[in-house]
1. Residue check, Arg170 against (1) of a type in the set (D, E, K, R); (2) without any contact (Cβ under 8 Å) to a residue 60 or more places away in the chain; (3) in contact with an Asp or Glu (Cβ under 8 Å, 6 or more places away or on another chain), all met but one. Which one?
2. Within the stretch 288-320, take every residue that is within 12 Å of the ligand (Cβ to nearest atom) and free of Cβ contacts under 8 Å to residues at least 60 places away in the same chain and give me the one that is farthest from His96 (Cα to Cα).
3. Could you tell me whether any residue of the stretch 327-334 is surrounded by 23 or more Cβ atoms within 10 Å (Cβ to Cβ), touching a strand residue (DSSP E or B) at 6+ places or on another chain (Cβ under 6 Å) and assigned to a strand (DSSP E or B)?
4. Starting from residues that are over 25 Å from Gly191 (Cβ atoms) and in a helix (DSSP H, G or I), keep the ones in the stretch 228-267 and report whichever is nearest to the ligand (Cβ to nearest atom).
5. Which residue is nearest to the ligand (Cβ to nearest atom), if the candidates are limited to the stretch 150-178 and must be aliphatic (A, V, I, L, M) and either surrounded by fewer than 22 Cβ atoms within 10 Å (Cβ to Cβ) or farther than 15 Å from Asp266 by Cβ (or both)?
6. What number goes with the only condition from (1) in contact (Cβ under 8 Å) with a residue 12 or more places away in the chain; (2) within 16 Å of the ligand (Cβ to nearest atom); (3) surrounded by fewer than 17 Cβ atoms within 10 Å (Cβ to Cβ) that Ala116 does not pass?
7. The conditions are (1) under 24 Å from the mean Cα position of the chain (by Cα); (2) near the ligand (Cβ under 9 Å from one of its atoms); (3) over 23 Å from His96 (Cα atoms), and Val194 fails exactly one of them. Which is it?
8. Looking at (1) under 17 Å from Leu364 (Cα atoms); (2) touching an Asp or Glu at 6+ places or on another chain (Cβ under 8 Å), which is the one condition that is false for Leu90?
Amino acid sequence: MRIGCPTEIKPQEYRVGMTPNAAREAVAHGHAVVIQTNAGAGAGFPDEDYIAAGAEIAATAEEIFASADMIVKVKEPQAGERKMLREGQLLFTYLHLAPDPEQTHDLLESGCTAIAYETVTDAAGGLPLLAPMSEVAGRLAPQVGAWTLQKANGGRGVLMGGVPGVGPARVVVIGGGVVGTHAARIAAGMGADVTVLDRSLGRMRYLDDVFGGQFKTSYASAGNTIELAREADMIIGAVLIPGAAAPKLISRAQLSELKPGAALVDVAIDQGGCFETSRATTHQDPIYDVDGVMHYCVANMPGAVARTSTIALGNATMPFMLALADKGWRKACEDDPHLLAGLNVHAGKLTYFAVGKALGLDVLSPQLALKA
Ligand SMILES: NC(=O)c1ccc[n+]([C@@H]2O[C@H](COP(=O)([O-])OP(=O)(O)OC[C@H]3O[C@@H](n4cnc5c(N)ncnc54)[C@H](O)[C@@H]3O)[C@@H](O)[C@H]2O)c1
């Protein structure tokens, strides 16, 4: 197969769909890899690394889209990129089609076959191509929260680990899933006093078994949430109700009960945020103040650490990318129902039921698409 990887063109996106290591593996499997010049620069991978891995370098995205059998990317194709997709071409990337009728329309019209990272599943019921980015955002949250807590940034002027004779920062993490667990581990590692709130007893049992001693758990009733929030220096929002907007767990009125200069890091902002006063911000201007409480609400946190994120994403996507290249999408999806779960579009038909429901469009079952 000829595998093409264009430069990401969405604003502030520095990740790249293929690392030099992924290119090297694909080449070793007998495939041709073509990377757009400077595609890896934002993640610290110069063209020479790809050339050393056996890949070709192309000057433009047009050349890549024109010649590749499979396009491997990070973000959903932008309007200009969608025009270059063609019938029979395979697209492997994040798509997030449900809230995006224009993109869905363009992908259907292109006739391409599109497999979305975010709907690929695993045997444990998880989402293996979303998890690495949740791990990154979770581990980044205490780091950016600690910066937000610094006095010059409007914070309380509290050091995460305290010092001998001075207690540590109190950190409350709401939601103990992938983001919350990684956030709690890092905050505890920085020396903070950490409590994780969740509504799933099973999840709290797991956290207590594995991390008991490093951080505490508490049931996420409204009463416990505000009681812990009142004492917190930092609150990290990490809840997810799949397919729904994030529930608002701290209201505007409750801000006056929090400590002045407390840091609210709303990782769940990409699902609307779990604090009433959250609104999405950017890496250029990440924090703002509401009633003396500092909010950090960057919707694409992994972009801040593009190199780590690119490598983590590449590790997760590589086995699927290789299976698609080695076997072709049909056989690869026939052999692996978890990869088939990623099939969203094929030959002008939508093949993912939740997207069809969200957009009011007809859906061809992915099993039938395999035979189409
Ligand atoms: N901002 C970013 O850059 C970024 C990056 C990655 C993930 N995210 C977002 O972070 C959020 C969390 O993702 P995740 O991968 O950890 O999800 P997850 O499903 O692994 O965990 C979510 C947890 O929230 C818990 N929960 C649900 N409702 C709750 C409530 N009312 N109170 C307390 N806990 C509740 C669930 O029991 C679960 O344990 C999602 O919205 C995700 O989209 C954002």
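Taken together, the values in this text are just the output of simple stated rules run on the coordinates, not laboratory data. Just so we're clear, the structure is a prediction, and the values are computed from it rather than from any experiment. So basically every Cβ, Gly included, is an ideal-geometry build from the backbone, and we count neighbours across all protein chains shown.
1. (2)
2. The qualifying residue farthest from His96 (Cα to Cα) is Cys297.
3. Within the stretch 327-334, not a single residue is surrounded by 23 or more Cβ atoms within 10 Å (Cβ to Cβ), touching a strand residue (DSSP E or B) at 6+ places or on another chain (Cβ under 6 Å) and assigned to a strand (DSSP E or B).
4. Of everything passing the filter in the stretch 228-267, Gln254 is nearest to the ligand (Cβ to nearest atom).
5. Here is the first cut: in the stretch 150-178, the residues aliphatic (A, V, I, L, M) are 152, 158-160, 163, 166, 169, 171-174, 178.
Filter once more, so that each one left must be either surrounded by fewer than 22 Cβ atoms within 10 Å (Cβ to Cβ) or farther than 15 Å from Asp266 by Cβ (or both): 152, 158-160, 163, 166, 169, 178.
Values: Ala152: 24, Val158: 23, Leu159: 25, Met160: 20, Val163: 31, Val166: 30, Ala169: 21, Val178: 4 Å.
Once the filter is applied, the top-ranked residue is Val178.
6. That leaves (3) as the condition not met.
7. Only one criterion in (1) under 24 Å from the mean Cα position of the chain (by Cα); (2) near the ligand (Cβ under 9 Å from one of its atoms); (3) over 23 Å from His96 (Cα atoms) is unmet by Val194, namely (2).
8. Tallying (1) under 17 Å from Leu364 (Cα atoms); (2) touching an Asp or Glu at 6+ places or on another chain (Cβ under 8 Å), Leu90 fails exactly one: (1).
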